[in-house]
Structure formats: C-alpha cells, structure tokens
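Report on the following structure.
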Amino acid sequence: MISLERYPREIRLRDGAQLTFRPMIREDADRLWDFFCRIPAEDKMVFREDVSRKEVVERWAENLDYASVLPILALEGDQVVADATLHRNRTGWKQRVGTIRIQIAPDFRERGLGTAMIREMRHLGEKAALRYLRAEAIEEQEAAIGAFEKMGFDRMGVYPNFVNDQKGRLHNLVVLLYPMPYSEVEMNF
Amino acid sequence: MTCPACGAELVYDSHEAIKGPDGKEMCPYRDRGYSALRSGHDKVYFGKWRKMDSTTTDFRRAYRQIERHLKAIGSVLETKDLPAAKRDLGKAIESYYAVDPEGESPDALRFMDHALSYAHMAIDDLLHEEGLPPHDPMEFSKWYDAVEVPFKEEW
C-alpha cells in the first residue's frame with residue numbers, strides 16, 4: 001500500500017496558480033463529472049471509457065480501490081482541473097509495471113500542470129516499488145509526449161493504426177516507459 | 001556583484017537592483033527555495049562558455065562550475081528520499097563524465113548542455129517536493145545581462 005500521508009499537497013504553478021493535489025474520494029464524483037464536461041469532445045474521443053456518461057464517473061467513485069487504481073486530483077479551490085491515475089496489477093507478470101494516465105482541463109494546459117502531475121506519478125511509482133512506469137498517448141498528443149520524454153520517459157514504440165477513437169478513426173499509439181531508479185551508486189562522483 | 005549568500009555573479013549595470021526593506025541591494029534568488037542551487041545553475045547557464053567568442057579557459061571554468069554544481073545538488077539529495085531526482089542527477093553526472101574537459105571534442109558542448117539540463121531537472125524535482133514551480137532561468141536573465149527569451153510551458 002502506498003503511503004498517502006503527503007496529501008493534501010499544495011502546489012504552485014509558475015504563473016502563481018495555487019492548486020491542491022489529493023487522492024480522489026467517493027464524494028468527488030460530481031466534481032470529476034464537472035471536470036470531464038469541460039474536456040473537449042475531441043479529447044474524449046480517445047478515452048478508454050465513455051466519460052460523457054455520468055454513470056461511468058459515478059461507478060469509478062463508488063468502486064475506488066487505491067491498490068488497483070490511484071487517482072490523484074488537482075483542484076483549484078473546489079474545482080477539479082486535472083486527473084492523474086496510477087494503474088497497477090496486484091499480481092501477475094506486470095505487477096511491477098504501473099500505467100499512468102493524465103488528463104488536464106483545457107484552461108490549465110501549457111501551464112506546467114501536466115509536468116507537475118508526471119512528477120507526482122513518478123513519486124508514487126517509487127513508493128509503490130514499481131520497476132517501470134508506462135504511459136500511452138496517441139501520436140497527435142505531441143505536447144503530452146514531449147512532457148513525458150522530458151521527464152525521462154523513453155519512447156519504446158509506435159503501433160501504427162492501433163487504437164480507434166469513438167468515431168472509429170484509427171490512430172498511432174505511442175508507448176513510453178520510465179525505468180524506476182534504484183541505484184544510489186550512479187549519483188556518486 | 002557576487003551574492004555573499006548564494007554566490008551568484010550578478011550584473012546591476014543595466015537595470016535597478018532589487019532592494020530590501022533596509023534599502024540594500026538584495027539577491028534576486030533570496031527566499032525562492034534552493035536559491036544556491038538555482039544560482040549555481042544559472043551561473044553556468046548564462047556563462048560565457050556558450051557564446052561564440054568563448055575561449056578554452058571559459059570552457060574549463062564552466063566545466064569546474066558544473067562539477068561544483070552537481071556536488072552541491074548531491075549534498076542536498078543525500079538527505080532526501082527522492083529516487084527520481086537522484087536518477088536525474090546520475091544522468092547529469094554521466095553526461096559530465098563524457099565531457100572532454102579541454103572542450104576540444106566536437107561533443108563537449110553537447111555533453112555539457114546535457115549535464116546542465118539533467119541538473120536542472122533534479123532541482124525541479126526538489127522544488128516540486130516543496131510545492132514550488134520549476135526553476136526558470138529566464139526569470140533571472142537580466143541579472144546576467146542575457147537576452148530574454150519568452151518561456152513556454154510544454155504541458
């Protein structure tokens with residue numbers, strides 16, 4: 001179990017915006033629903049689930065299980081402005097691989113929040129003793145891919161025409177991996 | 001002026017210095033979180049070694065400055081449980097070791113840049129843990145007489 005003692009955390013963006021990072025709780029269903037209502041339709045096209053249906057978000061809130069999916073919300077006041085999730089398998093051959101997903105509200109993009117959330121997910125991955133963090137993005141999400149690469153993720157491959165959006169159009173999927181650091185030796189002169 | 005607190009070599013000739021309540025000139029890095037690491041970074045970042053008219057001496061000086069800078073980050077990280085920051089520092093050190101100290105190798109500048117860039121990431125990791133935004137050298141550029149370039153957040 002990852003210790004969540006560090007939450008809630010106050011995070012300041014470069015432009016002065018003051019946000020709170022904390023795990024999602026059951027009572028956040030409406031806040032998260034409001035957040036997804038503000039996400040442009042073209043972004044929602046590539047979600048794994050149809051978040052234009054409120055019952056999907058309510059089901060997430062009802063079935064929170066931090067050991068499998070740990071959602072960290074970024075809030076400005078009472079409003080959710082970003083959602084990052086760390087997905088883990090408790091058993092099996094991928095139990096040391098965490099998958100992260102990040103969604104940012106349009107008015108908070110290009111303000112450094114995505115990078116801050118990647119840093120937060122890296123921290124949680126370390127605390128969960130994972131060996132790798134994995135992220136996926138469709139090739140058109142250049143800003144997100146660039147941010148992951150800047151934070152040490154390696155582009156491991158591109159699967160051509162691998163995923164379809166909700167209108168059936170095909171997209172290339174980029175898979176990125178971040179090897180979790182454990183060696184103390186490498187930082188010594 | 002060399003700031004006695006953080007060691008930043010600041011230029012005051014092209015603008016008005018920041019002054020404290022007592023009217024004395026004040027270091028712009030003061031109270032910014034990890035001020036010595038920020039100024040240590042910027043000293044190299046805005047150093048003459050990156051300019052077209054730089055000399056071998058400028059390069060050697062920057063090489064030593066980076067070494068001291070990486071050691072300073074390492075000292076701070078020793079007491080922190082931040083594996084990602086240590087990894088970034090490890091990558092900075094790896095790049096530093098790849099630098100030809102005389103600056104004659106065609107890759108010398110590139111490896112110096114990489115070392116400085118990874119060091120910057122380690123500082124940003126530390127700042128994130130304090131809930132602070134990443135360090136933006138351009139915010140301090142005027143103190144180094146450097147040309148300002150608008151910074152754009154990537155994501």
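I need the strands (runs of 3 or more DSSP E) fully contained in the range A:88-189, keeping only those with at least 2 residues that are away from chain B (no Cβ under 14 Å), surrounded by fewer than 17 Cβ atoms within 10 Å (Cβ to Cβ) and not charged (D, E, K, R).
Where strands (runs of 3 or more DSSP E) fall fully within the range A:88-189 and carry at least 2 residues being away from chain B (no Cβ under 14 Å), surrounded by fewer than 17 Cβ atoms within 10 Å (Cβ to Cβ) and not charged (D, E, K, R), they are A:154-164, A:170-179.
What number of residues within the range A:10-36 satisfy the criterion of being open to solvent by less than 20 Å² (accessible area, probe 1.4 Å) and facing chain B (nearest Cβ under 10 Å)?
5
Looking at (1) away from chain A (no Cβ under 14 Å); (2) open to solvent by 80 Å² or more (accessible area, probe 1.4 Å), find the lone condition where B:ARG64 falls short.
(1)
Need the failing condition index for B:LEU70 against (1) in a loop (DSSP other than H, G, I, E, B); (2) within 13 Å of another protein chain (Cβ to nearest Cβ); (3) open to solvent by less than 10 Å² (accessible area, probe 1.4 Å), just the number.
(1)
Please specify each residue of the range B:125-148 satisfying the condition of being within 12 Å of chain A (Cβ to nearest Cβ) and either more than 11 Å from B:ASP42 (Cα to Cα) or part of a loop (DSSP other than H, G, I, E, B) (or both).
Scanning the range B:125-148 gives B:ASP125, B:LEU126, B:LEU127, B:HIS128, B:GLU129, B:GLU130, B:GLY131, B:LEU132, B:PRO133, B:PRO134, B:HIS135, B:ASP136.
Suppose we keep only residues that are in a loop (DSSP other than H, G, I, E, B) and touching a Leu at 6+ places or on another chain (Cβ under 9 Å) within the range B:73-96. Which one would you say is farthest from the other protein chains (Cβ to nearest Cβ)?
B:LYS80
Mind checking which residues of the range A:48-75 are open to solvent by 40 Å² or more (accessible area, probe 1.4 Å), outside any helix (DSSP H, G or I) and over 13 Å from A:ASP34 (Cα atoms)?
Passing the criteria: A:ARG48, A:GLU49, A:ASP50, A:ASN63, A:LEU64, A:ASP65, A:TYR66, A:VAL69.
Does B:LYS43 meet the test of being open to solvent by 20 Å² or more (accessible area, probe 1.4 Å), assigned to a helix (DSSP H, G or I), modelled with pLDDT of 90 or more and more than 14 Å from chain A (Cβ to nearest Cβ)?
yes
Return yes when B:ASP107 is more than 8 Å from chain A (Cβ to nearest Cβ), surrounded by fewer than 18 Cβ atoms within 10 Å (Cβ to Cβ) and under 12 Å from the mean Cα position of the chain (by Cα) and no when it is not.
Answer is no for this residue.
The values are calculated or read from the model by the stated rules, or taken from the named source; none is laboratory data. Since this is a predicted model, take the numbers as computed values, not measurements. We place every Cβ from the backbone using ideal geometry, glycine too, and count neighbours over all the protein chains shown. All accessible areas refer to the heavy atoms of the entire protein, side chains included, with ligands and DNA or RNA removed. Shrake-Rupley method; radii C 1.70, N 1.55, O 1.52, S 1.80 Å.
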